[in-house]
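All remarks here apply to the structure that follows.
A short reminder: the numbers here are calculations on the coordinates, not readings from a lab. For clarity, every value in this text was computed on a predicted model and none was experimentally measured. In this analysis, Cβ positions are derived from the backbone assuming ideal geometry, glycine residues included, and neighbour counts consider all displayed protein chains.
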Amino acid sequence: MTEVPLTWDEFFADMTAVDTYMKDEDLGSACCVESTQLYEFFLLADMYGHFSARDEASFNYGRTSGDTLFAVRNDLDRLLEVSDTADNTAGARETFLSGGSAVYFNGIWESEPIDKADISEDIKFAPYPSSDGKGLIYFSVSSGYVIKKQEDSKKEEAVQRFLKYMLSDDVQTQIAYDTGQMPISKNVDFDKVEDYIPTLSAAIKAANTAGKRIRTLSSAWNQEKIDILYEYYESGSEDEKDAVYAADMINKTS
């Protein structure tokens, strides 16, 4: 691999080649995955690769189709063919950092442990592939800061000052330093972040190249829909009728 795969077809072709090399050299496999990486990260990113504009709009309202679920079922099998499995994310990370896998699915929040690894200088970051070749990344909804209407005008003014302080460039930069998380302010000087946590800066810059941002599955759907989705994929069914049934159950769930 000399270039980042931009589409899913390129990704799977590269993973096959990498896996062949890893096995020939008795190093491991192309990937090492566990359930969170498969279902929370890979699955939805891959699903978007099969979406039409109409599918994408439907998904945001908690709907999907049997055709999409079945196509992603096949892609999960393709990924597992070039992957070892781990019991948890920590195990998958350790396999990657020790050289037992070449690709690791996770987010910017993983920058700090990766930065401390012996091979940190050899690690590169990339957005997920996409159908249009422009890449995609996840964003998730957090509780954030909420200002409640105050009867006391002095209290309301104080709350507004606090919010402005927390969103200031200096504080946002410090949050990046202290937590290893992506700051919300686009005015943060990432060159300074690079001096402090090089991998965080590199991960943010890679994320900012993506043409599409999507919500995580747990941000987009309720747990009942997610459980139906997981149950279908964990069943291992290769019958397309089961994909249609699962999609129907998801669409009927409010």
Evaluate the relative contact order of the chain (contact order divided by residue number), counting alpha-carbon pairs under 8 angstrom at least 6 apart; express in whole percent. 26 percent
Counting other C-beta atoms within 10 Å, which of Met249, Met22 has the fewest, and how do the rest follow? Met249, Met22
Which is the longest run of the chain containing none of the GluC sites (Glu not before Pro) found in DSSP loop states (not H, G, I, E, B) with at most 14 other C-beta atoms within 10 Å? 26-150
Taking 2.2 N^0.38 Å as the expected size of a compact globular protein, what ratio does the Cα radius of gyration of the chain give against it, to two decimals? 1.14
Taking θ = phi - 60°, what integer Hz values does the Karplus form 6.51 cos²θ - 1.76 cosθ + 1.60 yield along the range 70-86, in sequence order, with x for Gly and Pro? 5, 5, 5, 3, 5, 5, 4, 4, 4, 5, 5, 5, 10, 10, 8, 10, 10
What residue among Gly49, Gly135, Gly62 has the largest mean-square fluctuation in a Gaussian network model of the chain, using Cα springs under 10 Å? Gly62
Which of Leu163, Asn88, Phe125, positive extreme of dipole for the range 73-166 (C-beta unit charges): Leu163
Under 5 Å between amide hydrogens, which residues at least 5 positions from Thr64 or on another chain qualify, with H placed 1.01 Å from N in the peptide plane? Asn251
Ranking of Arg161, Arg63 by count of other Cβ atoms within 10 Å, fewest first: Arg161, Arg63
Which whole-Hz couplings ³J(HN,Hα) result when phi for each residue of the range 102-119 is put into the Karplus expression 6.51 cos²θ - 1.76 cosθ + 1.60, θ = phi - 60°, listed in order with x for Gly and Pro? 9, 10, 9, 8, 5, x, 4, 5, 7, 4, 5, x, 5, 4, 8, 6, 4, 9
What are the aspartates and glutamates whose alpha-carbon lies under 14 Å from the alpha-carbon of Lys241, with same-chain residues fewer than 8 places away excluded? Asp67
Taking springs between alpha-carbon atoms closer than 10 angstrom, which of Val171, Val33, Val159 fluctuates most in the Gaussian network model of the chain? Val159
Please report, for the Cα atoms of the range 191-254, the Rg to one decimal and the Dmax as a whole number; what are they, in angstrom? 18.7, 54
Using θ = phi - 60° and the Karplus form 6.51 cos²θ - 1.76 cosθ + 1.60, what ³J(HN,Hα) does each residue of the range 217-224 get, whole Hz, x for Gly and Pro? 4, 6, 8, 8, 10, 7, 5, 5
Can you list the residues, at least 5 places off or on another chain, whose amide H is less than 5 Å from the amide H of Tyr138, using H built in the peptide plane? Ile214
How much length, in nm to one decimal, is gained on full extension between Glu231 and Ile123, taken as 0.36 nm per residue of separation minus their Cα-Cα distance? 35.5 nm
Which of the chymotrypsin sites (Phe, Trp or Tyr not before Pro) found in the range 21-100 are loop residues per DSSP with 10 or fewer other Cβ atoms within 10 Å of their Cβ? Tyr61
The rounded separation in angstrom of the Cα centers of the range 91-168 and the range 7-73 is 21 Å
Using the charge dipole of the range 215-254 (Lys, Arg: +1 at Cβ; Asp, Glu: -1 at Cβ; taken about the Cα centre), state which of Tyr230, Ala243, Ser254 has its Cα farthest towards the positive end. Ser254
